[in-house]
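Colleague: One structure coming up, written as structure tokens, with questions to follow.
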Amino acid sequence: WPGRFWGEEATIYFREAFLRSPWEVLLSPDLGYYSLFNKLATLAAARGVPLEWAPLVTIGFALGIQVVPAVLLLFARFPAWPAWRQRAAGVALILLVQPNQEVWLNTINSQYFLCLATGLVLISTPPADRRAHGARLGLLVLAGLTGIVSALWWPLFLLEHRRTRHPRRLHELMALGAAAALQAVVVLAGSGRAVQPVWSLLPLALAGKQWVLPLCGYRAFDGFIDFLRAWPGLTRFPGSLALFLPYVAVAAGIWRQRNRTAGLLLAGAAAVAVVSLAFSL
């Protein structure tokens, strides 16, 4: 409960919020992209409470964002999941999946919970209530302006709008698109990170980080690394292509069932994972 900062949450965002004016903080990108949520949280922590309470504020902000996907699962309308037991299973998945150490309760990685929330907005029915609709639009803008991962859902929102022609789906498309466009301007205009993607390692990272670690935990992840050491052919092309088999199996099941919702989720998950891991290896 005493709180703690995590990585760039302190060394970049809180430091800037503490030393610079709010306008300077809000108008300056960091790390090659824009992170609105991080800036709002650390400004509140730096300006709203005594210094010793500041880490509690950022943890509170992070907790609020991590609750959003569960709230959507419980209260939004999902045509593919009409029964309460299906929604309960979704909430349980969020609560019980093995968390990567670095993403838990910090504003730096709140972008990934916002990304998950964006995917849930995509596969749910736009609400009739104006306030709920406005809240969803605000969520999409916040997500699109906090890291780049939520913006990767935009093409799928475009596909859904073309299919349904729902006027409120158009509003969602425009809200996320405007945020994604601003994010793109920041990314293209900035210096970015000095990162060179290592594409040969991507199949290993995807298999370990998206399948073994969240489903089986840290001990299994260590065993996966030991397995790769014993079979070095799997770490090099073309042997490394075998590590894509989980995606192929899931895609085949989706195709057989003609499950559009699952297809959208798989496409979004794969796009986010590839971009996130390729530029962080």
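The values are calculated or read from the model by the stated rules, or taken from the named source; none is laboratory data. The shown structure was predicted, so the numbers you read here are calculated from the model rather than taken from an experiment. Every residue, glycine as well, gets a Cβ built from its backbone with ideal geometry; the counts of neighbours run over all protein chains shown. For accessibility, only protein heavy atoms count, side chains too; no ligands or nucleic acids. Shrake-Rupley method; radii C 1.70, N 1.55, O 1.52, S 1.80 Å.
Here's the yes/no breakdown for (1) under 28 Å from Ala184 (Cα atoms); (2) at pLDDT 95 or above:
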{"site": "Arg4", "(1), (2)": "no, no"}
{"site": "Leu31", "(1), (2)": "yes, no"}
{"site": "Leu43", "(1), (2)": "yes, yes"}
{"site": "Gln66", "(1), (2)": "yes, no"}
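Colleague: Which residues, taken from the range 1-25, are over 21 Å from the mean Cα position of the chain (by Cα) and of a type in the set (A, V, I, L, M)?
Modeller: Correct list: Ala17, Leu19, Val25.
Colleague: Just to be sure I understand, how many residues within the range 104-147 are of a type in the set (Val, Ile, Thr) and open to solvent by 30 Å² or more (accessible area, probe 1.4 Å)?
Modeller: Here the count works out to 2.
Colleague: Follow-up question, since we're still on this one. Kindly provide the set of residues from the range 209-230 that are of a type outside the set (D, E, K, R), open to solvent by less than 90 Å² (accessible area, probe 1.4 Å) and either in contact (Cβ under 8 Å) with a residue 60 or more places away in the chain or not in a helix (DSSP H, G or I) (or both), ordered by number.
Modeller: Gln210, Leu213, Pro214, Cys216, Gly217
Colleague: Check off (1) within 24 Å of the chain's Cα centre (by Cα); (2) open to solvent by less than 30 Å² (accessible area, probe 1.4 Å) for Val250 and give me the number that stays unchecked.
Modeller: The single condition Val250 does not satisfy is (2).
Colleague: Would it be correct to say that Gly233 is assigned to a helix (DSSP H, G or I) and more than 24 Å from the chain's Cα centre (by Cα)? Talk me through it step by step, then tell me what you get.
Modeller: Numbers: assigned to a helix (DSSP H, G or I): yes; more than 24 Å from the chain's Cα centre (by Cα): yes.
When the stated conditions are applied, Gly233 passes them.
This table checks each residue for (1) under 20 Å from the mean Cα position of the chain (by Cα); (2) small (Gly, Ala, Ser).
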residue	(1), (2)
Leu40	yes, no
Val71	yes, no
Ala80	no, yes
Gln86	no, no
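Colleague: Same structure again: On the given criteria, is Leu36 open to solvent by 60 Å² or more (accessible area, probe 1.4 Å), under 15 Å from Asn106 (Cα atoms), under 18 Å from the mean Cα position of the chain (by Cα) and modelled with pLDDT of 90 or more?
Modeller: For Leu36, the condition - open to solvent by 60 Å² or more (accessible area, probe 1.4 Å), under 15 Å from Asn106 (Cα atoms), under 18 Å from the mean Cα position of the chain (by Cα) and modelled with pLDDT of 90 or more - is not met.
Colleague: Identify, please: which residue in the range 154-208 is of a type in the set (S, T, N, Q) and either open to solvent by less than 50 Å² (accessible area, probe 1.4 Å) or assigned to a helix (DSSP H, G or I) (or both) and is, among those, farthest from Asp30 (Cα to Cα)?
Modeller: Out of the qualifying residues, it is Thr164.
Colleague: Only one of these is among the small types (Gly, Ala, Ser), surrounded by 14 or more Cβ atoms within 10 Å (Cβ to Cβ) and touching a residue at least 24 places away in the same chain (Cβ under 8 Å): Ala17, Ala44. Name it.
Modeller: Ala17
Colleague: Still on this structure, please answer the following. Confirm whether Pro79 is open to solvent by 30 Å² or more (accessible area, probe 1.4 Å) and not small (Gly, Ala, Ser). Explain how you work it out, then say what you get.
Modeller: Values: open to solvent by 30 Å² or more (accessible area, probe 1.4 Å): yes; not small (Gly, Ala, Ser): yes.
So Pro79 passes the test.
Colleague: Would you please name the residue that is farthest from Pro167 (Cα to Cα), looking only at residues in the range 75-126 that are without any contact (Cβ under 8 Å) to a residue 60 or more places away in the chain and charged (D, E, K, R)?
Modeller: Arg85
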